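Visitor: Below is a structure I'd like to ask you about.
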Amino acid sequence: MKLIEPTMEYDRQIQAYRREFLEAGGSMDGCGSLRRFETTKEWLDQVEALKRPETTPPHWVPSTQYIYVRESDNKMVGVIQIRHCFNEFLEKYAGHIGYSVCPSERRKGYATQMLKLVLPECKALGIDRVLISCVQGNEGSKRTILHNGGVYESTVFEPKEGVHLERYWIDIRDN
């Protein structure tokens, strides 16, 4: 398994990932705006713009996007995004990291491994403590966070989506 920054080489797989989520009605966490973009090129243009503060749109924050690829068949099975800093929404609700695993690839440990692999990237960005949230009752995501050293802080209500979010911190200073 490997984390890589997305490229047009993965166009068909990115579109298949998007379709599977849209058909399943999933939230596509960690994908940025992939849900809204009809083409991979549009999404990749946004991914590129979000890498640098000077090209990040207002009310957004710089971020780094990865896809998680199974090396045995070069299949994209997940996505994960690091937000380099907070805006008001991220600080209260979403955190530094968002991730998702393709519905057909869940319950194989991919999310846990993907999060483990991205934590050193967070540290390289100067993030010492990583905030991650998950919807209350999402036991898979909760276990993923806990397996990576997450410590529960609080639960908050996010009014726009009408969900309770559990907030966890992972201290990576000594890793």
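The values are calculated or read from the model by the stated rules, or taken from the named source; none is laboratory data. Please read all numbers here as calculations on a predicted model, not as lab measurements. No Cβ is skipped: glycine too gets one built from the backbone with ideal geometry, and neighbour counts run over all protein chains shown.
Visitor: Between a residue in the stretch 4-28 that is on the phi > 0 side of the Ramachandran plot and any residue that is at pLDDT 90 or above and not charged (D, E, K, R), which pairs come within a Cβ distance under 7 Å, given they are 6 or more apart or on different chains?
Guide: So the pair list comes out as Met28/Ser100.
Visitor: Among the residues of the stretch 10-22, is any exposed (fewer than 12 other Cβ atoms within 10 Å of the Cβ) and either under 22 Å from Pro103 (Cα atoms) or in contact with a His (Cβ under 7 Å, 6 or more places away or on another chain) (or both)?
Guide: There is at least one residue in the stretch 10-22 that is exposed (fewer than 12 other Cβ atoms within 10 Å of the Cβ) and either under 22 Å from Pro103 (Cα atoms) or in contact with a His (Cβ under 7 Å, 6 or more places away or on another chain) (or both).
Visitor: What number goes with the only condition from (1) over 15 Å from the mean Cα position of the chain (by Cα); (2) modelled with pLDDT of 95 or more; (3) at negative phi that Lys116 does not pass?
Guide: (1)
Visitor: Still on this model: Kindly establish whether Glu139 is surrounded by 15 or more Cβ atoms within 10 Å (Cβ to Cβ) and either under 24 Å from Ala24 (Cβ atoms) or without any contact (Cβ under 8 Å) to a residue 60 or more places away in the chain (or both).
Guide: no
Visitor: Could you tell me which numbered condition Asn87 fails, if it satisfies all but one of (1) surrounded by 15 or more Cβ atoms within 10 Å (Cβ to Cβ); (2) over 12 Å from the mean Cα position of the chain (by Cα); (3) among the polar types (S, T, N, Q)?
Guide: Asn87 satisfies all of (1) surrounded by 15 or more Cβ atoms within 10 Å (Cβ to Cβ); (2) over 12 Å from the mean Cα position of the chain (by Cα); (3) among the polar types (S, T, N, Q) except (1).
Visitor: Can you say whether Arg35 is closer than 30 Å to Ser154 by Cα, exposed (fewer than 15 other Cβ atoms within 10 Å of the Cβ), touching a Lys or Arg at 6+ places or on another chain (Cβ under 8 Å) and not hydroxyl-bearing (Ser, Thr, Tyr), as far as the supplied structure shows?
Guide: The answer is yes for Arg35.
Visitor: Just give me the residues in the stretch 139-175 being within 15 Å of the chain's Cα centre (by Cα) and among the polar types (S, T, N, Q), in sequence order.
Guide: Once the filter is applied, which keeps residues that are within 15 Å of the chain's Cα centre (by Cα) and among the polar types (S, T, N, Q), the stretch 139-175 yields Ser141, Thr144, Asn148.
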